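Undergrad: Let me give you the structure first, and then I'll get to my questions.
The values are calculated or read from the model by the stated rules, or taken from the named source; none is laboratory data. Treat the numbers as computed from the prediction; the structure is a model and nothing was measured. Don't worry about glycine lacking a Cβ; one is built from the backbone with ideal geometry, like all the others, and counts go over all protein chains shown. We work out accessible area using only protein heavy atoms, side chains counted, and drop any ligands, DNA or RNA first. Shrake-Rupley method; radii C 1.70, N 1.55, O 1.52, S 1.80 Å.
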Amino acid sequence: MKILIVGNGGREHALGWALQRDARVRELFFAPGNAGTDSLGCNLPIQATDLPGLLDWAGENRPDLVVVGPEAPLCQGLVDRLEAMNIPAFGPGESGARLEASKTFTKGLLLKAGIPTARSAEFQDASEARVWCRKQTFPLVIKADGLAAGKGVIIAQNEAEADQALGEIMERKVFGASGNCVLIEEFLEGQEASIHAVTDGKDYVLLPSSQDHKRIFDQDQGPNTGGMGAYAPAPIVTEALLQEVEEKVIRPIIHILREEGIPYRGVLYAGLMLTAQGPKVLEFNCRFGDPETEVLLPLLETPLLDLIQATLAGKLGSLELKLREASALTVVLAAPGYPEARGPGEFFSLAGSRGRRV
Ligand code: AMP
Ligand code: GLY
């Protein structure tokens, strides 16, 4: 098989690592890949968000499968466009990817499905949001509605910080149109955990639980990042808790997506806060987490290709997912200045030989 992996992170290196071990995989391409993927296959000079470039390459080279790593091309509708060309692609189409592209859309679905989540209000107008904030108890969590490269969530400790966050997001538009609307949530306390499910829109399988370490620097001294490391499974997610998440979060979200007529095939990644009242959804991502993928894939006994093919064929119901009785851990090395400065540095995820360059 000829496979194209879209993205340039440690995640895409891990996906490549898992697929390259499969005797059915003959050729691996990465767009654009990184220093690590260079040793697994061929890095193409096409960025993950360059849809015309990706579609041109796919049209000429007819890969047997495209695996899309990051959210941006999924939200741009890359999978819909590939499917229209009869090229199988793993990941949701644009309508399903809204689960990550719009926090207000997702909050609406969560409420409709009765899935536990933080209480919230949404605003299109900064002054109205400011007036509302004055009547609330702090801290409050202010979220730009759209994609913001993981930076669109601000925890405001007081009114002045809320004012500033609303000004940045809604008036100065530091995240562009993603800040046309904000979601303001109550602050939830607890530990965070991630549950990755893979679904064909009807059935699903659960991957091991994981936790990523958000703050940079020792002793949690630095700002939040996309994750400075991760481990799986997460000991805090007991078998009973996992069952609760399955019942209260995973099954209802797949059910409501179906009811709403939103096709969804790919990874459903639930970011959860484990509160004293039980697990509550902080967000959904429409893709594998990074660095979580680096610790999840080594725990799969079932070949990743089988999981992907069963998803695309709508046959996850008959796949028996086998997991290894093991734990995995990864540490991210980041260039100076991360997460603020995203210069031409190198990031390495130290699990085996995986690495990522941004
Ligand atoms: P999100 O992109 O919505 O997952 O938010 C990014 C990060 O902000 C999460 O991983 C949490 O650390 C934090 N966060 C988001 N929402 C809340 C909330 N309601 N209460 C406390 N922390 C939150
Ligand atoms: N590690 C967090 C994410 O992939 O969104």
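Undergrad: Using DSSP, restrict attention to beta bridges with both residues in the stretch 24-175 and report what percent are antiparallel, rounded to the nearest 5.
TA: Here the share of antiparallel DSSP bridges comes out near 50 percent.
Undergrad: Compute, for the stretch 1-96, the length of the dipole vector about the Cα centre, with Cβ point charges of +1 (Lys, Arg) and -1 (Asp, Glu) only. Units Debye, rounded to 20.
TA: Using Cβ point charges on Lys, Arg, Asp and Glu, the stretch 1-96 gives about 320 debye.
Undergrad: List, in order, the whole-Hz ³J(HN,Hα) value for each residue of the stretch 100-110 obtained from phi through the Karplus relation with A = 6.51, B = -1.76, C = 1.60 and θ = phi - 60°; use x for Gly and Pro.
TA: Computed from phi, the couplings for the stretch 100-110 are 9, 6, 9, 5, 6, 4, 5, 4, x, 5, 4 Hz.
Undergrad: Report the label-to-label distance for Glu301 and Asp125 in nanometres (one decimal), using points 7 Å from each Cα along the Cα→Cβ vector.
TA: Between Glu301 and Asp125, the label points sit 6.0 nm apart.
Undergrad: Out of the DSSP beta bridges found with both residues in the chain, what percent are antiparallel (nearest 5)?
TA: Beta bridges within the chain, antiparallel portion: roughly 75 percent.
Undergrad: In a GNM of the chain with a 10 Å cut-off on Cα contacts, which of Ala148, Ala18, Ala240 has the highest mean-square fluctuation?
TA: It is Ala240.
Undergrad: Leaving out same-chain residues fewer than 8 places away, which aspartates and glutamates sit with a Cα under 13 Å from that of Lys112?
TA: Glu259, Glu260
Undergrad: In debye to the nearest 20, how big a dipole does the chain give about its Cα centre with +1 on each Lys and Arg Cβ and -1 on each Asp and Glu Cβ?
TA: Charge dipole of the chain: 260 debye, to the nearest 20.
Undergrad: I would also like to ask the following. In whole angstrom, note down how far apart the Cα centers of the stretch 95-168 and the stretch 314-332 are.
TA: Cα centres, the stretch 95-168 to the stretch 314-332: 33 Å.
Undergrad: Here is a follow-up. Which of Lys143, Lys151, Lys322 ends up with the largest GNM mean-square fluctuation for the chain, with Cα atoms connected below 10 Å?
TA: Lys322
Undergrad: Which ³J(HN,Hα) values in Hz, rounded to whole numbers, follow from the phi angles of the stretch 143-152 under the Karplus curve 6.51 cos²θ - 1.76 cosθ + 1.60, where θ = phi - 60° and Gly and Pro get x?
TA: 10, 5, 4, x, 5, 8, 6, x, 10, x
Undergrad: On to the next question. Quickly rank 203-216, 64-77 as a protection proxy: mean count of other C-beta atoms within 10 Å, highest first.
TA: Result, highest mean Cβ count within 10 Å first: 64-77, 203-216.
Undergrad: Here's a follow-up. Accessible area per residue, 1.4 Å probe, Å², for the chain: what's the number?
TA: That works out to 44 Å² for each residue.
Undergrad: Something else: When the accessible area of the chain is computed with all protein chains present and a 1.4 Å probe, what percentage of it is carbon and sulfur?
TA: Using a 1.4 Å probe with all protein chains present, the chain comes out at 48 percent carbon and sulfur.
Undergrad: Here's something else I'd like to know. If I build a Gaussian network model for the chain, linking alpha-carbon pairs within less than 10 angstrom, which residue out of Gln157, Gln136, Gln219 has the largest mean-square fluctuation?
TA: Its mean-square fluctuation being the largest, the pick is Gln219.
Undergrad: Calculate one ³J(HN,Hα) per residue across the stretch 129-135 by plugging θ = phi - 60° into the Karplus curve 6.51 cos²θ - 1.76 cosθ + 1.60, and present them in order as whole Hz with x for glycine and proline.
TA: 4, 5, 4, 5, 4, 4, 8
Undergrad: Another question, then. Working out 0.36 nm times the residue gap between Glu27 and Gln47, then minus their Cα-Cα distance, what length gain in nm do you get to one decimal?
TA: So the chain would gain 5.3 nm between Glu27 and Gln47.
Undergrad: Between the stretch 233-251 and the stretch 284-311, how far is it from one alpha carbon centroid to the other, in angstrom?
TA: 18
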